[in-house]
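Engineer: Attaching a single structure in structure tokens format; questions to follow.
The values are calculated or read from the model by the stated rules, or taken from the named source; none is laboratory data. Everything numeric in this text was worked out from a predicted model, so none of it was measured. With ideal geometry, Cβ positions are generated from the backbone for all residues, glycine too; neighbour counts draw on all protein chains shown. Note: areas computed on protein heavy atoms with side chains; ligands, DNA, RNA excluded. Shrake-Rupley method; radii C 1.70, N 1.55, O 1.52, S 1.80 Å.
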Amino acid sequence: MTAAHLPPYPNLAAIGVPWLDRAPSHWKPVPMRYLALGTGTLFLDGDWIESKDLAETGIRYITTGNVGEGVYKEQGSGFITEAKFEELQCTEVLPGDMLVSRLNRPIGRACVVPELGCRIVTSVDNVILRASPQYDRSYLVYLFSSQDYFRHTDNLARGATMQRISRGQLGSVRVVAPPLEEQTQIARFLDYETARIDALIEKQQQLIELLKEKRQAVISHAVTKGLDPKAPMRDSGIEWLGQVPAHWTVKKLRYFATILRGKFTHRPRNDPAFYDGRFPFVQTGDITGASKYITTYKQTLNDRGASVSKEFPRGTLVMAIAANIGDVAILDFSAYFPDSVVGLLPNATSDVMFLYYMMHAMKQPMLQRATISTQLNLNVDQIGWLTSACPPIDEQRRIAAYLDDLLSRISQLEIRIADQLELLQERRTALISAAVTGKIDVRNWKAPKAQQEVA
């Protein structure tokens, strides 16, 4: 019996769980804190550990950032000393404990703590749940990944800047508890089905990465080798370029375009006296967020702001030289820019679209040059001295048109893959919710024979 052919439970009823209309009538409602009744159980906040309490080594400190939706996320590397552990009277987290996050959406997400090879403590916004033996941990983790449950905990959360739920509120959340054997069966079913979906997701993600690599490779090849595989080649004398078509020239970027430097001499930059006027003010984030052309903007300058900034004309190729170094886009309107952006205004021997693709290929050489600076940025002189290959302008336009077409097709394929990924994620989420809330009956489900043999 496959997941697609599983029947609903025969007897559904309202069982007193506010976030569920109905559930199997033999399932029991239980407040979350009652999952930890009996000897050796725990339902307790982690510890109030501040940044000043952290050390380089010692007892591992994990936070809400380590709690994913059903999975432990390895990130961060905080520690506290044994002495600090004793001073703060911390509660030790054991491998196999569940952590339930009270902070940041989705509120109430949970994971099982793996063996980390050291002692562990956790932050106050994680609840340590050491459930009694009548509850299957894997089932509980899936239950605490249900969208119905998340909607309920989200409604309970409060906070002006960060959404949070108290341990008291979390402990009072009523959840559904099938008999233990049934919990284990649901967990086995979901382990199998989500593993299959996860494998498909991983393949799609790998394909997206391959397409990204292909995108960069075809751009680099086209702007450094051209489109004619039979064209005679010569050594460019530049390491990153290698050989180039013999009829191309090799020259510095300052001979491709006039290089403009943005300007915003006012400090601090967030002074409202300079903003909210009639002049578009484009910043590095607008460049990074553009697909090719900058057609919108988030900020404007008034007359006073424009007087201390720099205007670039429509058609300028703009590039971030701080923060997201090397990100480029073509300006579709005249706008003002800060000093974290340069503009390249192509001369008569350069096509702006070819220059756009050429700058993509030059990003790594630019980053290598940028690391020389203490602030990881570039100035106009550094950019002007970067060297690239320059085909005749008609050939530049043919290369740009070729790349426009090819990359458009790659983009369409990426969109289709992204849509498939979204559908797979939705299918995974829906399957978990259906199984842990009794919308499908998995009691008679059996893993395919090959899977049983592997187990």
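Engineer: Taking region 223-235, which residues are open to solvent by 20 Å² or more (accessible area, probe 1.4 Å) and either touching a residue at least 40 places away in the same chain (Cβ under 8 Å) or under 32 Å from the mean Cα position of the chain (by Cα) (or both)?
Structural biologist: L227
Engineer: Would you mind finding the one in S172, S220, S166 that is surrounded by fewer than 16 Cβ atoms within 10 Å (Cβ to Cβ) and either over 20 Å from Q134 (Cα atoms) or of a type in the set (F, W, Y) (or both)?
Structural biologist: It is S166.
Engineer: Scanning for something in contact with a Ser or Thr (Cβ under 7 Å, 6 or more places away or on another chain), in a helix (DSSP H, G or I) and closer than 20 Å to N104 by Cβ, does region 157-172 turn up at least one residue?
Structural biologist: No, region 157-172 contains no residue that is in contact with a Ser or Thr (Cβ under 7 Å, 6 or more places away or on another chain), in a helix (DSSP H, G or I) and closer than 20 Å to N104 by Cβ.
Engineer: Have a look at P365, P391 and point out the one that is at pLDDT 95 or above, out of contact with any Cys (no Cβ under 8 Å at 6 or more places or on another chain) and closer than 25 Å to D235 by Cβ.
Structural biologist: After ruling out the rest, the residue left standing is P391.
Engineer: Separate question: Residues F144, F79, F85: which one is farther than 16 Å from I62 by Cβ and of a type in the set (F, W, Y)?
Structural biologist: Going through F144, F79, F85 in turn, just one is farther than 16 Å from I62 by Cβ and of a type in the set (F, W, Y): F144.
Engineer: Can you confirm whether region 45-53 contains a residue that is among the aromatic types (F, W, Y), within 30 Å of V175 (Cα to Cα) and out of contact with any Phe, Trp or Tyr (no Cβ under 8 Å at 6 or more places or on another chain)?
Structural biologist: Yes, there is a match, as at least one residue in region 45-53 is among the aromatic types (F, W, Y), within 30 Å of V175 (Cα to Cα) and out of contact with any Phe, Trp or Tyr (no Cβ under 8 Å at 6 or more places or on another chain).
Engineer: Taking the residues in region 14-54 that are of a type outside the set (D, E, K, R), outside any loop (DSSP other than H, G, I, E, B) and open to solvent by less than 30 Å² (accessible area, probe 1.4 Å) as candidates, determine which candidate is nearest to V176 (Cα to Cα).
Structural biologist: By that ranking, first place goes to V30.
Engineer: Something else now. Please indicate, with yes or no, whether at least one residue in region 307-320 is β-branched (V, I, T), under 29 Å from the mean Cα position of the chain (by Cα) and at pLDDT 90 or above.
Structural biologist: yes
Engineer: Can you spot a residue in region 369-378 that is open to solvent by 20 Å² or more (accessible area, probe 1.4 Å), free of Cβ contacts under 8 Å to residues at least 24 places away in the same chain and in contact with a Leu (Cβ under 9 Å, 6 or more places away or on another chain)?
Structural biologist: Yes, region 369-378 contains at least one residue that is open to solvent by 20 Å² or more (accessible area, probe 1.4 Å), free of Cβ contacts under 8 Å to residues at least 24 places away in the same chain and in contact with a Leu (Cβ under 9 Å, 6 or more places away or on another chain).
Engineer: Would you mind stating whether L35 is modelled with pLDDT of 95 or more and either among the aliphatic types (A, V, I, L, M) or under 25 Å from I432 (Cβ atoms) (or both)?
Structural biologist: Against the criterion (modelled with pLDDT of 95 or more and either among the aliphatic types (A, V, I, L, M) or under 25 Å from I432 (Cβ atoms) (or both)), L35 qualifies.
Engineer: For region 1-13: of the residues being in a loop (DSSP other than H, G, I, E, B) and surrounded by 18 or more Cβ atoms within 10 Å (Cβ to Cβ), which is farthest from the chain's Cα centre (by Cα)?
Structural biologist: Filtering region 1-13 for residues that are in a loop (DSSP other than H, G, I, E, B) and surrounded by 18 or more Cβ atoms within 10 Å (Cβ to Cβ), the one farthest from the chain's Cα centre (by Cα) comes out as Y9.
Engineer: Looking at region 29-53 only, could you name the residues that are touching a Gly at 6+ places or on another chain (Cβ under 7 Å) and of a type in the set (A, V, I, L, M, F, W, C)?
Structural biologist: The answer is M32, F43.
Engineer: For region 115-140, which positions are under 21 Å from L431 (Cα atoms) and open to solvent by less than 10 Å² (accessible area, probe 1.4 Å)?
Structural biologist: Those that are under 21 Å from L431 (Cα atoms) and open to solvent by less than 10 Å² (accessible area, probe 1.4 Å): Y139, L140.
Engineer: Give region 172-196 a look and list any residue that's of a type outside the set (V, I, T) and more than 31 Å from the chain's Cα centre (by Cα), or say none.
Structural biologist: S172, R174, A177, P178, P179, L180, E181, E182, Q183, Q185 - these are the residues of region 172-196 that are of a type outside the set (V, I, T) and more than 31 Å from the chain's Cα centre (by Cα).
Engineer: If you take the residues of region 71-114 that are at pLDDT 95 or above and on the phi > 0 side of the Ramachandran plot, which of them is surrounded by the fewest Cβ atoms within 10 Å (Cβ to Cβ)?
Structural biologist: The selected residue is Q89.
Engineer: For region 428-451, does any single residue satisfy the condition of being farther than 20 Å from I186 by Cβ and at pLDDT below 95?
Structural biologist: Yes: region 428-451 contains one or more residues that are farther than 20 Å from I186 by Cβ and at pLDDT below 95.
Engineer: Criterion first (open to solvent by 50 Å² or more (accessible area, probe 1.4 Å) and either at pLDDT below 95 or aromatic (F, W, Y) (or both)) does G159 satisfy it?
Structural biologist: Here the answer is no, as G159 does not meet what is asked.
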